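A.B. asks: The structure that follows is given in the form of structure tokens.
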Amino acid sequence: GCGGDGGSGGSADDGKITMGFSQVGAESGWRTANTKSVQGAAAAAGVTLKFSDAQQKQENQIKAIRSYIQQKVDVIAFSPVVESGWDTVLKEAKNASIPVILTDRAVDSADTSLYKTFLGSDFVEEGRKAGTWLTEEFKDSKDPVNIVELQGTTGSAPANDRKAGFAEVIGADPKFKVIASQTGDFTRAKGKEVMEAFLKANPDIDVLYAHNDDMGLGAIEAIEGAGKVPGKDIKIITIDAVKDGMQALADGKISYIVECSPLLGPQLMDLAAKAVKGESIPARVVTEETTFTQEQAKEALPSRQY
Amino acid sequence: MTAPVPILRMRGISKEFPGVKALSGVDFRLLPGEVHALMGENGAGKSTLIKVLTGVHDIDAGEIELGGRKVVFAGPSAAQQAGISTVYQEVNLCTNLSVAENILIGREPRRLGRIQWGRTRRRAAELLARLELDIDVSAPLSAYSPAMQQMVAIARAVDVSARVLILDEPTSSLDTGEVAQLFRVMRKLKEEGIAILFVSHFLDQVYEISDRMTILRNGRLVSEHLTGELGQVELVGKMIGRELADLEKLEGKPLARETEALVEAEDLGRAGAVEPFTLTIHEGEVVGLAGLLGSGRTEIARLLFGADHAGTGSLKIDGRPVSLRTPRAAMNHRIAFCSENRRAEGLIPDLTVRENLILALQAARGWSRPIPRRKQDELVDKYISALKINPADPEQLIRNLSGGNQQKVMLARWLILEPRLLILDEPTRGIDVGAKAEIQRLVASLSDGGMAVLFISAELEEVLRLSHKIGVLRDRRLVAELDNDDDLTTDVLMETIASGARA
Amino acid sequence: MNAVLRHRLLWPAVVLAALLLTNLLFTGTFFAVQMRDGHLYGSLIDIVRFGAPLILVALGMTLVIATGGIDLSVGSVVSISGALACLRISGMDDQNTVSGVVAAAGLGLVLSLALGVWNGLLVAGVGIQPIIATLILMVAGRGLAQLITDGQIITVNSGPYKLIGGGYWLTLPFGIIIVLAVLALTAVLTRRLALGLLIESVGGNAEASRLAGIRSRGVIIAVYTFAALCAGVAGLMISSNVSSADGNNAGLWIELDAILAVVIGGTSLAGGRFSLGGTVLGALIIQTLTTTIYSIGVPPETTLLFKALVVTVVCLLQSPAFREKAFHRRRRPVTAPPAAEEKVRVPA
Amino acid sequence: MSVLVAGRRAVPRKYVPVLVTACLFAAMFAAGGLRYDSFATGQVVLNVFIDNAFLLVVAVGMTFVILTGGIDLSVGAVVALSTMISASLVTDQGWPSPAVIPLVLAIGAALGWAMGCIIHYFEIQPFIVTLAGMFLARGLCYTIGTDSISITDETYTALAQARVDLPGGMSVSPSVVIALVVVLVAAYVLHYTRLGRNVYATGGSEQSALLMGLPVARTKIAVYTISGFCSALGGVLLSLYMLSGYGLHAVGMELDAIAAVVIGGTLLTGGSGYLLGTVLGVLVLGLIQTIISFEGTLSSWWTKIFIGLLLLVFILLQRLISVRRRT
Ligand SMILES: Nc1ncnc2c1ncn2[C@@H]1O[C@H](COP(=O)(O)OP(=O)(O)OP(=O)(O)O)[C@@H](O)[C@H]1O
Ligand SMILES: Nc1ncnc2c1ncn2[C@@H]1O[C@H](COP(=O)(O)OP(=O)(O)OP(=O)(O)O)[C@@H](O)[C@H]1O
Ligand SMILES: [Mg+2]
Ligand SMILES: [Mg+2]
């Protein structure tokens, strides 16, 4: 928009909300679905959306938020690249009396008044859910269970938390052993490559835990290439529930998926409207998410959007 | 001469490069207040001796004494600290810096660590004035021709009132006037008691300036003499290890005037480089160009080769108008150009002698028609022996060759193209007497065979000896075209250059 | 014997062998190659198979670097070519028709070719410094790839396409066959024909080459085109290997690995001499290193330290200066510091 | 002719690229002002400085390295390492910040020095040595910790939130002041000290510089040390900007820094370029980013394509104008 509408600093008076949304990037299909959901919901709710893509850089996000403050938007929402380091810019937003909503990932500011609410999944909980299913699945078995883990990008919050949540649950029972754990950078290609190496180095793998569907999908190819049957010889647990993952789950190749929904848009717009009006909102809103077994996947698959 | 206590003494120096024994057991001494010439063929080891002395290369064996004290220099800077100031053979300056900086870098006048640019420039201009040069010292060095750069390098070395001054072929592309000026400065330094080591392939210059000479052959010491006690012919005999019979005898056949015009340039010119000139070169004709430093000789050559774009005028080849937009276009008309600037415009240092030699021929054939290896070897062997390239190893990297031998390879690169017009810009730069005669003979015989040659040299005798016709330049203008008959002498040429009169 | 010891590829080869042996210590069956489902199977095969795209990209990069340039855009080209091919295939009614797949792959390659010409024109035609010229495509190209895939991962289900990067032919992974073919082609072009000499000459001294009559502009455009084409093929392989195109992640940072492979292989970034064999060896070292990290269980947090260590060791071993200093005593006595009175008098 | 006559004043030819870059930057800013509301204010330019102070400092170090004909790929990782060390010492160990900052700077300089020594004494290509340095520094980050660490130290937060007020209601952060001081000092060093001139000489021709008796070894090692120091300082500024330490900070910053230097007209082959060009290069990159965020409606991929296009237009114009004026 070339500013034809007489200034982007529209206020809530005309009833139209301007939201500045700073996205992490477009590093995965999940993220794209997330972006689309926000954009779609904004259009549906009549919110003017200022969107910017930070390309995985916190600096860029800070810059974007600064420029939103400068453009005097009504509300700022963003998915932080990292947890820490937001105090300064959030204070600036607060001083400009612009409410801030966090989506998808949290920040670790001690001062929680800096943002109105955090809307998103709980990565640690996702890891726990994966672990819980596993302990259930193997509760009758006496033999040790050999697990390999495909981690997300080293250092990233989902990777750290999903690893921690999972470890917390399975740590209770010594028969569960993580015999190899390596980063697959959240991508199919890496997932396949790492899994091939795992298969060569470790003849007995019972379970694969992948931090997202894509790595799991890559690993399935590796497992098939090694002449084993994914889902049977090696049980596979993944997180996300994107369409391809659900398909594999329905086909019996993946055993269990913990959902991590990118469809935050509608909830975000609701919260934004309330925040602009000054209504009180809960400080933490967890996305409505579920888990899928193979049967549930068959049912859910036809209506899957992303 | 009083009791000769050498300021510098080298004993039993040996140096071996992979596959080449560059120096073996060389003794050398340098007395204070003398000009000492180091003589030898191309590849004899002169530059290596200098580099070993100044710490550029490690020594394999032997020892160096400076002022009675044993020294080993870790590098040129250590040698400089100890009072040895050197101009190496290849001009070793930084062309990206200004002239003033090149002269004074490392010794800039400073106050509290801050370089004083005004004083630096003034000082540089003064030093150049000592060599009778008046150029813009704040311009980058790259704006100047190799000859001018050589003068700058000399100015730099001379400024350090060192105990020892080493000049490795400083005069190879200087004209007579500049050489005379350099010699004046050298004599003054000599009187101040500075010892000067001087390398040159111009025997006349050596006899003019030096007091003593040391002769090397194949990396070995031949002998040391007082200059006055050794005749030119004997010297050459010692250098090449045999008698050189017909050094001075070279007579090209007079040109049969009725040959076709090959290249006709009409009002060809380029703003800021050379003013429009008209020049015709006939088949089989050797045209010489004479002029002072920066007079525009090189520019004429570059225009005729399409290395630069002409701003004005037209060019005809075989009577047909052509436009040479690239060197490649000129090569398609079988014009070849051997640049004066060997390092920047000639050598591909990382390639071997063979590859450097066949490069132009290969370029002319295009990438899809490689020259068969057998043919390459034939050509390379032929020119290695014809020009006596030493070491005679086609697979040696060219950057490891001595300066003169590199120059021979550059020449050979163009000779194998068998061009119709061969433009030679300072082709004998840094080439020893024997090889020079060889090259001159080659040029003469090629022109007899119908090839036209445009010959540029700072050495007027050489131009005079070879050319049928001589173009004289002054201040970037072609001021005269003289037929080379019996009346033409170097003096007449000098006069024409000086007066700038159109004959 | 001496010739072997002096060969410039000796040390990279030693490092490669050492890495492989390290694996053997951890995984007893590391060198085992078996027949499984009618094709070869084993860790060694994996290394070459996964290394294939890197080898291809590095081959193209070698020629670019030999001209004194650098191509940062190969990673983007990798993702673009894969994305376009997969998009095309995913739109086909029958994804298993060979002709359709060939057309789709051809489309990806044609676009890569065009992008290479673009790079070449910016460098040789407009005269922009290579690193910036290709940075433009590196940044914009990722966007282009995502534009093609609409930010999603395009999954295809095509047997013939799968062959390119994940299939086997004559018991060998098809990727290896492609690499061998491209390697042979490159070797013929550069060493049998005269292209190699011209490239090395342009890289060694561009102005001298121009004056020797070489059309350096053409040579430069050609090498960038070739590099992009190699990247295009690598892109097809990478996307075919996982049957999907990921605009954002395919070929991410492959340019860095490729440059590293070239440099480990002994080609100087300053241009000039290049070594195809060295590049292949360099790429294999990098891939073996990656596999080693996975199979000996280096924790992800220390992966980079391990990589730093290996890279440093490779270059140190390769450096003649280091070998001289480490393995031989210096023959030269320590410099006698010139006495104070010997100092040059600096004119004021 | 070493002088180019532009209008009445003569501009030395060597300054033409920098001048052209400066004009293009101004033009780009003006275009932004026409297109977006509240763009053409002084604060927008200042914000570019505020948001890129660390990049500016890093790019200054990179300029030294590139001027000698080298390259330093480790800068981004050293920046990250500095944030990580600062954060872990200040937050986890409770060290006082006056002790931490010098330590971090020393570590950066030491890393640079070590790389410089390897590059010079073992004659290994800078690309590969600094790439190993990059792996090393990032690896060290992860050994300290994989999570991001917040900095809550008072000195840090005070510095981070302080603003230096300028006339006209504008303000900059202390980081900008530090960065500008670094630029001025570096410019002085490059143009008025022997070290600076040796840097240019080494970049022009290392061989010649050696034969001219210049201390090439010292110069080469010095530039990598300077670059390491600048990266560490950039890391300190970044930890002020982000108030956190994280192993994934500044990923790819080396490319930004190299790009800034090269856009500023410095030749990657060494020996030619100016620090002012580098400053302009950083500003151009920052301004592109600002334009993107003002544009505000670009999807993720169009963002990238748009950045590429802006870069292309800029470089093309820069190149074409400089060439046109030269001939
Ligand atoms: N770095 C090197 N590596 C290998 N061989 C070398 C190297 N430098 C010089 N040489 C060889 O050493 C020998 C002596 O060379 P040097 O340069 O000293 O000759 P020169 O007497 O100066 O000859 P010119 O008159 O041509 O300059 C030559 O055969 C040359 O090829
Ligand atoms: N005195 C000078 N002042 C300014 N520029 C000079 C001077 N001498 C030479 N140049 C530059 O050097 C380049 C080459 O010089 P040119 O072709 O005119 O010289 P030349 O007659 O071949 O003489 P030589 O090569 O012996 O110096 C030209 O671009 C010219 O501008
Ligand atoms: Mg010599
Ligand atoms: Mg000349």
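A.B. asks: Answer yes or no: is there a residue in the range B:221-231 that is modelled with pLDDT of 90 or more, within 16 Å of ligand 2 (Cβ to nearest atom) and either part of a loop (DSSP other than H, G, I, E, B) or more than 14 Å from chain D (Cβ to nearest Cβ) (or both).
C.D. replies: No.
A.B. asks: While we're here: Inside the range C:298-328, can you point out the residues that are assigned to a loop (DSSP other than H, G, I, E, B) and either at the interface with chain D (Cβ under 9 Å from one of its Cβ atoms) or under 19 Å from A:Thr153 (Cβ atoms) (or both)?
C.D. replies: Our first condition is that a residue be assigned to a loop (DSSP other than H, G, I, E, B); within the range C:298-328, this holds for C:298-299, C:319, C:328.
Hits for the range C:298-328 are C:Val298, C:Pro299, C:Ser319.
A.B. asks: Within the range B:402-459, work out how many residues are assigned to a helix (DSSP H, G or I) and either within 21 Å of B:Val353 (Cβ to Cβ) or within 16 Å of ligand 2 (Cβ to nearest atom) (or both).
C.D. replies: As a first pass, look at the range B:402-459 and keep what is assigned to a helix (DSSP H, G or I): B:403-415, B:433-448.
Adding the requirement that they be either within 21 Å of B:Val353 (Cβ to Cβ) or within 16 Å of ligand 2 (Cβ to nearest atom) (or both) leaves B:403-415, B:434-436, B:438-439, B:442.
Result for the range B:402-459: 19.
A.B. asks: Applying the selection to the range B:429-452, what residues are crowded, with 22+ Cβ neighbours inside 10 Å and of a type outside the set (Val, Ile, Thr)?
C.D. replies: B:Arg429, B:Gly430, B:Asp432, B:Ala435, B:Ser447, B:Met451, B:Ala452
A.B. asks: Pick from B:Leu417, B:Leu424: which is within 14 Å of chain C (Cβ to nearest Cβ), away from ligand 1 (no atom under 14 Å from the Cβ) and under 22 Å from B:Leu293 (Cβ atoms)? Show your work before the answer.
C.D. replies: Working: B:Leu417 fails: under 22 Å from B:Leu293 (Cβ atoms).
Exactly one of B:Leu417, B:Leu424 is within 14 Å of chain C (Cβ to nearest Cβ), away from ligand 1 (no atom under 14 Å from the Cβ) and under 22 Å from B:Leu293 (Cβ atoms), namely B:Leu424.
A.B. asks: While we're on this one: When only residues in the range B:389-401 that are outside any helix (DSSP H, G or I) and within 13 Å of ligand 3 (Cβ to nearest atom) count, which is farthest from C:Gly272 (Cα to Cα)? Full working, then the answer.
C.D. replies: Pass one, the range B:389-401, residues outside any helix (DSSP H, G or I): B:389-397, B:401.
So of that shortlist, the ones also within 13 Å of ligand 3 (Cβ to nearest atom) come out as B:390, B:401.
Numbers: B:Asn390: 24, B:Leu401: 18 Å.
Filtering first and then ranking leaves B:Asn390.
A.B. asks: Can D:Gly308 be described as under 23 Å from D:Leu56 (Cα atoms) and of a type outside the set (S, T, N, Q)? Show your work before the answer.
C.D. replies: Working: under 23 Å from D:Leu56 (Cα atoms): yes; of a type outside the set (S, T, N, Q): yes.
Spelling it out, D:Gly308 is indeed under 23 Å from D:Leu56 (Cα atoms) and of a type outside the set (S, T, N, Q).
A.B. asks: Still on this structure: Please return the ranges of strands (runs of 3 or more DSSP E) entirely within the range B:265-362 where 2 or more residues are in contact with a helix residue (DSSP H, G or I) (Cβ under 6 Å, 6 or more places away or on another chain) and within 14 Å of another protein chain (Cβ to nearest Cβ). Break it down stepwise before answering.
C.D. replies: On the way: elements: B:274-282, B:286-290, B:312-317, B:320-322, B:335-338.
By residue number, B:335-338.
A.B. asks: I'd like to check something: does the range B:51-70 contain any residue that is within 23 Å of B:Ile209 (Cα to Cα), buried (at least 16 other Cβ atoms within 10 Å of the Cβ) and within 9 Å of ligand 1 (Cβ to nearest atom)?
C.D. replies: Taking every residue of the range B:51-70 in turn, at least one turns out to be within 23 Å of B:Ile209 (Cα to Cα), buried (at least 16 other Cβ atoms within 10 Å of the Cβ) and within 9 Å of ligand 1 (Cβ to nearest atom).
A.B. asks: Could you tell me whether B:Arg114 is among the basic types (Lys, Arg), touching a residue at least 12 places away in the same chain (Cβ under 8 Å) and away from ligand 2 (no atom under 16 Å from the Cβ)?
C.D. replies: Details: among the basic types (Lys, Arg): yes; touching a residue at least 12 places away in the same chain (Cβ under 8 Å): no; away from ligand 2 (no atom under 16 Å from the Cβ): yes.
So B:Arg114 fails the test.
A.B. asks: I've got another one for you. Looking at (1) under 25 Å from C:Ile70 (Cβ atoms); (2) at pLDDT below 90, which is the only condition C:Thr288 fails?
C.D. replies: (2)
A.B. asks: Is it the case that the range D:272-293 has a residue that's within 11 Å of another protein chain (Cβ to nearest Cβ), outside any helix (DSSP H, G or I) and either surrounded by fewer than 24 Cβ atoms within 10 Å (Cβ to Cβ) or of a type in the set (Gly, Ala, Ser) (or both)?
C.D. replies: Yes: one or more hits.
A.B. asks: Go over the candidates B:Met186, B:Met213 one by one and state the one that is more than 16 Å from ligand 2 (Cβ to nearest atom), within 19 Å of B:Val87 (Cα to Cα) and not in a helix (DSSP H, G or I).
C.D. replies: On the way: B:Met186 fails: not in a helix (DSSP H, G or I).
After applying the criteria, what remains is B:Met213.
A.B. asks: Ok, one more. Could we say that A:Ala272 is part of a helix (DSSP H, G or I), away from chain C (no Cβ under 14 Å), more than 16 Å from A:Thr238 (Cα to Cα) and among the small types (Gly, Ala, Ser) here? Break it down stepwise before answering.
C.D. replies: Details: part of a helix (DSSP H, G or I): yes; away from chain C (no Cβ under 14 Å): yes; more than 16 Å from A:Thr238 (Cα to Cα): yes; among the small types (Gly, Ala, Ser): yes.
Yes.
A.B. asks: In the range B:166-197, what count of residues is obtained for those that are over 30 Å from B:Val463 (Cβ atoms) and either in the same structural domain as B:Ile456 (by TED's automatic domain parsing) or crowded, with 21+ Cβ neighbours inside 10 Å (or both)?
C.D. replies: Number satisfying all stated conditions: 2.
The rows are residues; the columns are (1) buried (at least 23 other Cβ atoms within 10 Å of the Cβ); (2) closer than 18 Å to B:Ile281 by Cβ; (3) without any contact (Cβ under 8 Å) to a residue 40 or more places away in the chain.
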residue	(1), (2), (3)
B:Gly404	yes, no, no
B:Ile416	no, no, no
B:Pro427	yes, yes, no
B:Leu454	yes, yes, no
B:Leu460	no, no, no
B:Leu464	no, yes, no
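A.B. asks: Given (1) within 16 Å of ligand 4 (Cβ to nearest atom); (2) surrounded by fewer than 24 Cβ atoms within 10 Å (Cβ to Cβ), where does B:Val91 come up short, assuming only one miss?
C.D. replies: Here B:Val91 meets the rest and fails (2).
Rundown of residues vs (1) surrounded by fewer than 23 Cβ atoms within 10 Å (Cβ to Cβ); (2) facing another protein chain (nearest Cβ under 8 Å); (3) in a helix (DSSP H, G or I), yes/no style:
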{"position": "D:Thr130", "(1), (2), (3)": "no, no, yes"}
{"position": "D:Tyr142", "(1), (2), (3)": "yes, yes, yes"}
{"position": "D:Thr152", "(1), (2), (3)": "yes, yes, no"}
{"position": "D:Gly168", "(1), (2), (3)": "yes, no, yes"}
{"position": "D:Ser171", "(1), (2), (3)": "yes, no, no"}
{"position": "D:Ala186", "(1), (2), (3)": "yes, no, yes"}
{"position": "D:Arg197", "(1), (2), (3)": "no, yes, yes"}
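A.B. asks: Considering only the range B:14-48, state which residues are under 27 Å from B:Glu395 (Cβ atoms), within 14 Å of ligand 3 (Cβ to nearest atom) and in contact with a strand residue (DSSP E or B) (Cβ under 6 Å, 6 or more places away or on another chain).
C.D. replies: B:Lys15, B:Ala22, B:Leu23, B:Gly40, B:Ala44, B:Gly45, B:Lys46, B:Ser47, B:Thr48
A.B. asks: Still on this structure, please answer the following. Among the residues of the range B:368-375, are any in contact (Cβ under 8 Å) with a residue 60 or more places away in the chain, in contact with a helix residue (DSSP H, G or I) (Cβ under 8 Å, 6 or more places away or on another chain), within 11 Å of chain C (Cβ to nearest Cβ) and not in a helix (DSSP H, G or I)? Please lay out each step first, then the result.
C.D. replies: As a first pass, look at the range B:368-375 and keep what is in contact (Cβ under 8 Å) with a residue 60 or more places away in the chain: none.
There is no residue in the range B:368-375 that is in contact (Cβ under 8 Å) with a residue 60 or more places away in the chain, in contact with a helix residue (DSSP H, G or I) (Cβ under 8 Å, 6 or more places away or on another chain), within 11 Å of chain C (Cβ to nearest Cβ) and not in a helix (DSSP H, G or I).
A.B. asks: On to the next question. Kindly list, by first and then second residue, each pair from a residue in the range B:6-19 that is under 14 Å from B:Thr214 (Cα atoms) and within 14 Å of chain C (Cβ to nearest Cβ) to a residue that is within 16 Å of ligand 2 (Cβ to nearest atom) and not in a strand (DSSP E or B), limited to pairs with Cβ atoms under 9 Å and residues at least 6 apart or on different chains.
C.D. replies: Note: no pairs meet the criteria.
A.B. asks: Further, regarding this structure: Give all pairs with beta carbons closer than 6 Å in which a residue from the range A:168-191 that is of a type in the set (Val, Ile, Thr) meets a residue that is assigned to a strand (DSSP E or B); count only pairs at least 6 apart in sequence or on separate chains.
C.D. replies: A:Ile170/A:Phe176; A:Val178/A:Ile147; A:Val178/A:Glu149; A:Ile179/A:Asn146; A:Thr183/A:Gln151
A.B. asks: Can you find a residue in the range D:238-258 that is more than 14 Å from chain A (Cβ to nearest Cβ), surrounded by 24 or more Cβ atoms within 10 Å (Cβ to Cβ) and modelled with pLDDT of 90 or more? Before the answer, list the steps.
C.D. replies: Our first condition is that a residue be more than 14 Å from chain A (Cβ to nearest Cβ); within the range D:238-258, this holds for D:258.
Now drop any that are not surrounded by 24 or more Cβ atoms within 10 Å (Cβ to Cβ), which leaves D:258.
Now drop any that are not modelled with pLDDT of 90 or more, which leaves D:258.
Scanning the range D:238-258 turns up at least one residue that is more than 14 Å from chain A (Cβ to nearest Cβ), surrounded by 24 or more Cβ atoms within 10 Å (Cβ to Cβ) and modelled with pLDDT of 90 or more.
A.B. asks: If the requirement is being buried (at least 23 other Cβ atoms within 10 Å of the Cβ) and away from ligand 1 (no atom under 16 Å from the Cβ), which of these qualifies: B:Ala143, B:Ala155? Explain how you work it out, then say what you get.
C.D. replies: Details: B:Ala143 fails: buried (at least 23 other Cβ atoms within 10 Å of the Cβ).
On inspection, the qualifying residue turns out to be B:Ala155.
A.B. asks: Could you list, in sequence order, all residues of the range B:332-350 that are of a type in the set (A, V, I, L, M, F, W, C) and surrounded by fewer than 22 Cβ atoms within 10 Å (Cβ to Cβ)? Steps first, please.
C.D. replies: The first filter runs over the range B:332-350 and keeps only residues of a type in the set (A, V, I, L, M, F, W, C), leaving B:335-338, B:344, B:347-348.
Within the range B:332-350, B:Ala344 is the sole residue that qualifies.
Here is a yes/no grid of residues against (1) in contact with a Pro (Cβ under 6 Å, 6 or more places away or on another chain); (2) over 18 Å from D:Thr278 (Cα atoms); (3) modelled with pLDDT of 80 or more:
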{"residue": "D:Val11", "(1), (2), (3)": "no, yes, no"}
{"residue": "D:Lys14", "(1), (2), (3)": "no, no, no"}
{"residue": "D:Leu19", "(1), (2), (3)": "no, no, yes"}
{"residue": "D:Gly33", "(1), (2), (3)": "no, yes, yes"}
{"residue": "D:Ile50", "(1), (2), (3)": "no, no, yes"}
{"residue": "D:Val57", "(1), (2), (3)": "no, no, yes"}
{"residue": "D:Gly61", "(1), (2), (3)": "no, no, yes"}
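The values are calculated or read from the model by the stated rules, or taken from the named source; none is laboratory data. Values in this document were obtained by computation on a predicted structure and should not be read as measured data. Backbone-built Cβ (ideal geometry, glycine too); neighbour counts: all protein chains shown.
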